[in-house]
1. Answer yes if at least one residue in the stretch 54-64 is buried (at least 20 other Cβ atoms within 10 Å of the Cβ) and in contact with a strand residue (DSSP E or B) (Cβ under 7 Å, 6 or more places away or on another chain), and no otherwise.
2. Of the conditions (1) closer than 21 Å to SER12 by Cβ; (2) crowded, with 16+ Cβ neighbours inside 10 Å, HIS238 fails just one. Which one is it?
3. Out of the residues in the stretch 329-340 meeting the condition of being free of Cβ contacts under 8 Å to residues at least 40 places away in the same chain and either surrounded by fewer than 20 Cβ atoms within 10 Å (Cβ to Cβ) or among the aliphatic types (A, V, I, L, M) (or both), tell me which one is farthest from PRO179 (Cα to Cα).
4. Condition check: surrounded by fewer than 24 Cβ atoms within 10 Å (Cβ to Cβ), assigned to a helix (DSSP H, G or I), touching a Gly at 6+ places or on another chain (Cβ under 9 Å) and not assigned by TED's automatic domain parsing to the domain that holds VAL137. Does ARG361 satisfy that?
5. Look through the stretch 1-26, keep the residues that are small (Gly, Ala, Ser) and not in a strand (DSSP E or B), and return whichever of them is surrounded by the most Cβ atoms within 10 Å (Cβ to Cβ).
6. Report whether or not GLY65 is in a loop (DSSP other than H, G, I, E, B), under 27 Å from ARG96 (Cβ atoms) and in the same structural domain as LEU105 (by TED's automatic domain parsing).
7. Being over 20 Å from the mean Cα position of the chain (by Cα), within 21 Å of ARG152 (Cα to Cα) and of a type outside the set (D, E, K, R) is the filter here, so list the residues in the stretch 64-84 that pass it.
8. Sort out which residues of the stretch 27-48 are surrounded by fewer than 14 Cβ atoms within 10 Å (Cβ to Cβ) and in a loop (DSSP other than H, G, I, E, B), and write them in order of number.
Amino acid sequence: MRVLLATWPTPSHYFSMVSPGWALRSAGHDVRIVSPPGAEGAVLRSGLTISITGPRLNPAAAWKGFEMRPGAGVDEAEHERERSARAFSMFAAGAREMVDELVALARSWRPDLVLYEPRMYAALKAARDLGVPAVRVLPGPDYTYTRLADEREQLDELWKELELEDADPLGDLTLDPCPPSLQVDDGGTVSRLGVRNVPYNGSAVVPPWLSERPARPRVFISLGTMVATLLGSMNFVHDTICALAGLDVEVLAGVFSDQRELLGAVPGNVRLVEDMPLHLMLPTVDVAVHHGGSGTLLTTAAHGVPQLVLSSFGDTVLAARQIAGTGAGKALRAWDATPDRVCALVGELLETPSFGEAATRLAEENARRPAPAAIVGALEELAARAPVGAGAG
């Protein structure tokens, strides 16, 4: 069969599609990624093929004049409502810009199944027009489900434009790589197909030092770009790295290549690693500090590493709450964080056995789930139930 996988043009978004994409490809199916411009490099490096639909998106337009960090005296609930409305506006704009070309591609190529990232509404439209099943692929805890009522309210006009008024934004099935104890409770209302999270965060040449167990506990810190943006500079990241280096640990700091010079000098027990895939580093780590991105959260969980999540908003707040709820980590809002508070929490994660035990249970829970290859049959059966004449046949 032919399977179309629709993703947003950001590597961290696309990565959740790689394992199911390759499972389908290895089973003999024809797999095609579709995205607006920007995902080409990540897709080609993963070994899959891609079609580009629509213009290059401009997500920054939705955030013009908006301060991501709530200022003094600002009601946080009201700030979150405005942030959410702008996010929905951004996703709606993306759908409008790419829907015509994506639907045209789907009508020409005629997939039997459409897999799509949450809020990739143009893919839902394509699946509906062809009469084939739409499968939502989650990157982590189901944040989309928690905002379903807001989504229906704020996107009513878009649904009408796309003729999706009676469509379920959750699709016909949800492919869920999040361990159940880390997932939100939907009361059994969402049709989920559980799958093991097999982390993919890119590829690299493995450096020799990764094969050597460090003499001291290793603390990994990766805060992406959002924490630095929220706090105004890389100073917090630099100061936190230096503070962690004051503990009896080795600090492994994951940075993007364009952040390296901004960090400045760091202590001798800090190893700065540029653009290294997380799944290569985390098996050697004792505690991870990160910003709460879904891919980072699930990759860390899969390797049984206790985690400290410095959340900002939206799905990162949910990620922090869920990991703390499992007992495998701690949560702290990014703007409440100081280097000393981070160090204290990291020390607690290192010294309290229950965090490591809970993290191990979470990894074991993930490992017991069916591998991506094992769920291909269920996807084939779903596609086979589509009306005669739908898809490629």
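1. no
2. The one condition HIS238 does not meet is (1).
3. Only one residue fits best here, namely THR338.
4. Numbers: surrounded by fewer than 24 Cβ atoms within 10 Å (Cβ to Cβ): yes; assigned to a helix (DSSP H, G or I): yes; touching a Gly at 6+ places or on another chain (Cβ under 9 Å): yes; not assigned by TED's automatic domain parsing to the domain that holds VAL137: yes.
In short, yes.
5. GLY21
6. Judged against the criteria, GLY65 is a match.
7. Selection gives ALA77, HIS79.
8. Once the filter is applied, which keeps residues that are surrounded by fewer than 14 Cβ atoms within 10 Å (Cβ to Cβ) and in a loop (DSSP other than H, G, I, E, B), the stretch 27-48 yields GLY28, PRO37, GLY47.
The values are calculated or read from the model by the stated rules, or taken from the named source; none is laboratory data. Owing to the predicted nature of the structure, the values given are computational and were not obtained by experimental measurement. Virtual Cβ from ideal backbone geometry, glycine too; neighbours counted across all protein chains shown.
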